[in-house]
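Asker: Right, I'll just put the structure down here and ask away after.
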Ligand code: EPU
């Protein structure tokens, strides 16, 4: 145990009530990079107060930009007068999403250096597709001393990019690079995640001509280097954070209402909860999950949006431990995203792992013990499981959790969870 980290204790509880606000990690796409394309001060509302945002703002500052908060969740970012085009490793290594500065910086300045993101617990997570696409747009790229050094002295040129794999940050990087490039960029096999859609919509509302928004074929007419006046925008509610509370409610088989959500972003998740027997009522911006007589087993395959998200896989595995029967969960996006299996087993779950597929045999009586949070979503799976485990569970290394969840213990506490943050 280190003295630096925190741990959370939680005890058996039945959750009940409302959760009102979500805006977290996936918002990174919106925060860091768009201002880099802007001529004006960009106002962002509903900014998440999570640890992962800090490196993004720090990086903005390092590049010569400024930011100020008018309240906890509203920030204004100005990058009109950037002085530096080097994103150093001390920041990039703390957060992979900082690679999102590569496209906009290169397109705007014709050169930049960005530290290569370091490996990550859930798998390799390369950036080869980002680099290949930028090369197709005319960039010369070399990797030197851990940095991507990119040059395009005459600016980037529109190109037809065909992504071999669907990549969320890769699509966002190229959309932003294309926004300032000369000519039109067409992207085939683009990511359709709501965060990418919002990025495109904001650029469109700010005057960049983009078609195909929300589809796998995007077309972006570049401004030829002219910076854009970016309209103020609200960060969309975090669908993974919301989905996590649905699983927390599901495992305790209780009624919980989520307010200020986008149910349309959660259809794959609610579809699986319904298959498990839960009734879910939705309005345009609320969702209520109701208890079920029997939690049924489920079959899940993680895929790109609009299919079932990899970022909800661990939470559903926790929930599947309480289903009456055998669930299967196949992970297709990240090769190593099963580290929560051994921790759930420590709590008493019956899970067999075979390659990329986990078989969960339920229901298991879980009993509290010490477990380790291994990545962001695995951490929330531990907390979800701890809610119905007998006795007390200590979840160590929850710094992972703070990267993407805003006040998780307060929100779960308000629902009735017996949860406490301790110093370790
Ligand atoms: N890939 C490549 N080459 C590339 C880029 C991606 O092979 O150049 C592969 C990856 O290794 C992976 C797949 O393509 O197998 C998809 O990766 P993607 O690029 O879409 O992932 P990402 O953009 O790095 C974002 C989220 C992740 C989320 C994934 C998948 C952010 C900041 N991160 O990552 O979020 O799991 O999309 O939806 O938006 C999390 O929230 O816990 C999290 C890890």
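The values are calculated or read from the model by the stated rules, or taken from the named source; none is laboratory data. In this text, all values refer to a predicted model and were calculated from it rather than measured experimentally. Counting neighbours? That spans all protein chains shown, and the Cβs are built from the backbone with ideal geometry, glycine included.
Asker: Report yes if residue 177 is under 30 Å from residue 376 (Cα atoms) and modelled with pLDDT under 95, otherwise no.
Answerer: no
Asker: Among the residues of the range 216-228 satisfying the criterion of being under 24 Å from the mean Cα position of the chain (by Cα) and surrounded by fewer than 16 Cβ atoms within 10 Å (Cβ to Cβ), which is farthest from the ligand (Cβ to nearest atom)?
Answerer: Ranking the candidates gives 217 first.
Asker: Among the strands (runs of 3 or more DSSP E) lying completely within the range 58-154, list those that include at least 1 residues that are more than 18 Å from residue 41 (Cβ to Cβ) and more than 15 Å from the ligand (Cβ to nearest atom).
Answerer: Fully inside the range 58-154 and qualifying: 111-115, 140-144, 147-151.
Asker: Which one of these does residue 208 not meet: (1) within 19 Å of residue 41 (Cβ to Cβ); (2) crowded, with 24+ Cβ neighbours inside 10 Å?
Answerer: Just one mismatch for residue 208, condition (2).
Asker: Restricting the range 93-117 to residues that are free of Cβ contacts under 8 Å to residues at least 60 places away in the same chain and buried (at least 24 other Cβ atoms within 10 Å of the Cβ), which is nearest to residue 178 (Cα to Cα)?
Answerer: Filtering first and then ranking leaves 112.
Asker: Any idea which of (1) in contact with a strand residue (DSSP E or B) (Cβ under 6 Å, 6 or more places away or on another chain); (2) more than 15 Å from the ligand (Cβ to nearest atom) is the one residue 213 doesn't satisfy?
Answerer: It fails just one condition, (1).
Asker: Considering only residues that are assigned to a loop (DSSP other than H, G, I, E, B), surrounded by 11 or more Cβ atoms within 10 Å (Cβ to Cβ) and at pLDDT 95 or above, which ones fall in the range 155-168?
Answerer: Within the range 155-168, 156, 158, 159, 163, 165, 166, 167 qualify.
Asker: Moving to a separate point now. List the helices (runs of 4 or more DSSP H) inside the range 360-424, counting only whole elements, that have at least 3 residues being in contact with a helix residue (DSSP H, G or I) (Cβ under 6 Å, 6 or more places away or on another chain).
Answerer: The qualifying helices (runs of 4 or more DSSP H) are 376-388.
Asker: Inspect all residues belonging to the range 310-328 and state whether any of them is in contact (Cβ under 8 Å) with a residue 12 or more places away in the chain, more than 21 Å from residue 252 (Cα to Cα) and within 16 Å of the ligand (Cβ to nearest atom).
Answerer: yes
Asker: When you look at residue 342, is it under 19 Å from residue 384 (Cα atoms), more than 14 Å from the ligand (Cβ to nearest atom), surrounded by fewer than 18 Cβ atoms within 10 Å (Cβ to Cβ) and free of Cβ contacts under 8 Å to residues at least 40 places away in the same chain, yes or no?
Answerer: Spelling it out, residue 342 is indeed under 19 Å from residue 384 (Cα atoms), more than 14 Å from the ligand (Cβ to nearest atom), surrounded by fewer than 18 Cβ atoms within 10 Å (Cβ to Cβ) and free of Cβ contacts under 8 Å to residues at least 40 places away in the same chain.
Asker: Could you list all residues from the range 339-356 that are within 19 Å of residue 375 (Cβ to Cβ) and either part of a strand (DSSP E or B) or modelled with pLDDT of 95 or more (or both)?
Answerer: Result: 340, 341, 342, 343, 344, 345, 346, 347, 349, 351, 353, 356.
Asker: So which residues in the range 165-201 are away from the ligand (no atom under 16 Å from the Cβ) and more than 18 Å from residue 108 (Cα to Cα)?
Answerer: 186, 201
Asker: Right, something else. Quick check on the range 247-261. Is at least one of its residues surrounded by fewer than 23 Cβ atoms within 10 Å (Cβ to Cβ), within 21 Å of residue 214 (Cα to Cα) and over 18 Å from the mean Cα position of the chain (by Cα)?
Answerer: Checked the range 247-261: no residue is surrounded by fewer than 23 Cβ atoms within 10 Å (Cβ to Cβ), within 21 Å of residue 214 (Cα to Cα) and over 18 Å from the mean Cα position of the chain (by Cα).
Asker: Can you tell me which residue is modelled with the lowest pLDDT among those in the range 364-398 that are within 16 Å of the ligand (Cβ to nearest atom) and in contact with a strand residue (DSSP E or B) (Cβ under 7 Å, 6 or more places away or on another chain)?
Answerer: 398
Asker: Right, here's the next one. Is it true that residue 348 is surrounded by fewer than 23 Cβ atoms within 10 Å (Cβ to Cβ), within 25 Å of residue 297 (Cα to Cα) and either within 16 Å of the ligand (Cβ to nearest atom) or without any contact (Cβ under 8 Å) to a residue 60 or more places away in the chain (or both)?
Answerer: Considered against the rule, which asks whether it is surrounded by fewer than 23 Cβ atoms within 10 Å (Cβ to Cβ), within 25 Å of residue 297 (Cα to Cα) and either within 16 Å of the ligand (Cβ to nearest atom) or without any contact (Cβ under 8 Å) to a residue 60 or more places away in the chain (or both), residue 348 comes out as yes.
Asker: When residues of the range 135-154 are filtered for being more than 27 Å from the chain's Cα centre (by Cα), surrounded by fewer than 18 Cβ atoms within 10 Å (Cβ to Cβ) and on the phi > 0 side of the Ramachandran plot, how many remain?
Answerer: Residues flagged as more than 27 Å from the chain's Cα centre (by Cα), surrounded by fewer than 18 Cβ atoms within 10 Å (Cβ to Cβ) and on the phi > 0 side of the Ramachandran plot within the range 135-154 amount to 1.
Asker: Another one. Which numbered condition trips up residue 306, out of (1) more than 24 Å from residue 339 (Cβ to Cβ); (2) more than 16 Å from the ligand (Cβ to nearest atom)?
Answerer: (2)
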